[in-house]
Structures are given as structure tokens and as C-alpha cells.
Amino acid sequence: MSLYIEQIEQLVVLQKVDTEMIGLERILEDAPKQLRNLQEKQAYLLQQQEVIQEKIDVLLEQKGRIEFEIENDSQKVKKSKNKLMLVENTKEYHAMMREMDNLEKMNRVREEELNNLLADLNDLEGRKESLQKDIDALGETISAQQSTLDQELADKRARLEILNKDKSHASEAVPAPILARYNFIRDRIPNPVIVPVSEGVCKGCNVVIPPQTFIDLQKGEQILSCPNCLRIIYWERHFSESE
Ligand SMILES: [Zn+2]
């Protein structure tokens, strides 16, 4: 095997490791985003629930006030009824009857108000409960995803560590100037760095390489780059022959 082929092979190994590492790093970055979305959704539902709770508190306060007023006026009516027996004056008797009548009328209005309020309260409690169910369900999903994610990320990190070792092995095998060229390109253009040329076409950018470059490439003497995308290129037949 010529030195040229050997170097290209080492670069292809390095490329394989780099490609897998890039994929893993992307997963490590994106995976927690999904979980964050769920957490944000849960926070939103909790906030909705708080708004409902505030309304419930207002209604409960109102309920207490109305119940107090009803009780208060009922007591007044009761006292008046007791006094009524003692009244001898007709005028006074009628005045008291009217007052009791008024109090009872007001209490009937209050009872109606109270019934409406209880219906609203019931409705709000129902909404709060259904929100709680959604919040609980989300919470379960979140904790399940959290543990899956933790495991997944731990696996990916372990794999990355192995790849890092593979990478330094592969890098050691590549002569320093060629490795520097590889790294220079890797830092500036999207993966991959090294690509085959098939039927005179660069597989990195799908553009036909100039005839002279293709002739030089087939000679297999020096490491060349695609003039269009700047990636390192190799003739695919060189590589399949060496395998
Ligand atoms: Zn190209």
C-alpha cells in the first residue's frame, strides 16, 4: 500500500470518528430542549391554576359575606317576630310587619345570589381539578423523560469518551501537516472534511472537478482539495482497490 493511500485511509478513519462525534454532540445539545418544553408547559398550567385559585378565593370571601348577612337578617326577623306578640299599637304592628317583609325579601335576593355564586364556584373547582390532572400527567411524563434522558446522555457521553480516544489514535497516525490541513478545513466548512470523487464529481459539493485536478488525483501522489468546496478529495477507486 502506498503512503498516499495509507494517509487517505487514516483521514477517512478520522472523518468517521468526527462525523459520529458531531452527531452525538448535536443530540446532547437538542435532547434537553424537549424536556424544557414540557417543563415550560407545566409552569404555564400551574400559572393558570393560580389564576383560578385567586378567583375561587374571591368567591369564597363573597360567600362568607352573603351568608353572614343572611344569618344577621334572619336573626332580626326572629327577634321582630317575638316582639310582635307584645305590640298593641296597630300602626307599630304594621311597621314591624313591613320591616320583616323587607328583610325577608332581601334575604331571598341574597339566597339567589348565593346560589349563582355556588354554581360559579363549582365550575371553577371543576376547572381547577381538571388542570390538576393535566399537571400531574405532565409531571409523570417529565420525570419519565428525565430519567430516560439522563441514561441516554450518560451513554452518549461514554461513547464520546471512547471516540475521543479513537480520534487521538487516528490523529497520531496522520502526519502533522496533513492533520493541520484537515483540522483547518474542519473548523471552517460543514462536515465532512474528506470526500470521495466519483466519476469526476466531488461528493462533497457535487460539482465536477477540473480535468487536470482529476488527472493529478488519479496519480495518487499528493493530497488534493476540491477547488469548489475546498474539502480534501480522494479518488474512490484508489480506496476500493486498497481495501
Ligand atoms: Zn467539492
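So which lysines can K63 reach, going by Cα to Cα under 17 Å and dropping same-chain residues fewer than 8 places off?
Within the straight-line limit of under 17 Å, K63 reaches these lysines: K55.
Sort the chain into rounded, prolate or oblate with this rule: let a ≥ b ≥ c be the square roots of the eigenvalues of the Cα gyration tensor; rounded if a/c is under 1.5, and if a/c is not under 1.5, prolate when a/b is larger than b/c, oblate otherwise.
Details: a/c = 8.22, a/b = 5.22, b/c = 1.57.
Prolate shape, in that a/c is at least 1.5 and a/b is the bigger ratio.
Rounded to the nearest 20 Debye, what is the dipole magnitude of the stretch 162-218 about its Cα centre when Lys and Arg each give +1 and Asp and Glu each give -1 at the C-beta? Don't skip to the end; give the middle numbers.
Numbers: 6 positive and 5 negative charges, 40 e Å.
I would put it at about 200 debye.
Straight-line reach from K79: which lysines have Cα under 19 Å away, leaving out those fewer than 8 places along the same chain?
Straight-distance partners of K79: K91, K105.
Spin-label point model (7 Å from Cα, Cβ direction): what's the K165 to I5 distance in nm?
Result: 3.0 nm between the two label points.
Restricting to the stretch 178-242, what percent of DSSP beta bridges are antiparallel, rounded to 5?
Details: 5 of 9 bridges.
For the stretch 178-242, the DSSP antiparallel bridge percentage is about 55.
Once amide H atoms are built 1.01 Å from N in the peptide plane, which residues 5 or more positions from W235, or in another chain, come under 5 Å H to H?
Under 5 Å from the amide H of W235: V197.
Identify all lysines with a Cα-Cα distance to K16 below 30 Å; exclude those on the same chain that are fewer than 8 residues away in sequence.
K33, K156, K165, K167, K203, K219
Normalising by the residue count of the stretch 178-242, find the relative contact order in percent from Cα pairs under 8 Å and 6+ residues apart. Provide the component values of the computation, followed by the final result.
Details: 76 pairs, mean separation 20.6, N = 65.
It rounds to 32 percent for the stretch 178-242.
Assuming 0.36 nm per residue, please report the length gained on full extension of the stretch R65 to N228 beyond their Cα-Cα distance.
Values: separation 163, 0.36 × 163 = 58.68 nm, distance 8.18 nm.
Length difference between fully extended and current span is 50.5 nm.
Just so you know, all these numbers are worked out from the coordinates, no wet-lab data involved. What you see is a predicted model; the values in this text were computed from it and never measured. Virtual Cβ from ideal backbone geometry, glycine too; neighbours counted across all protein chains shown.
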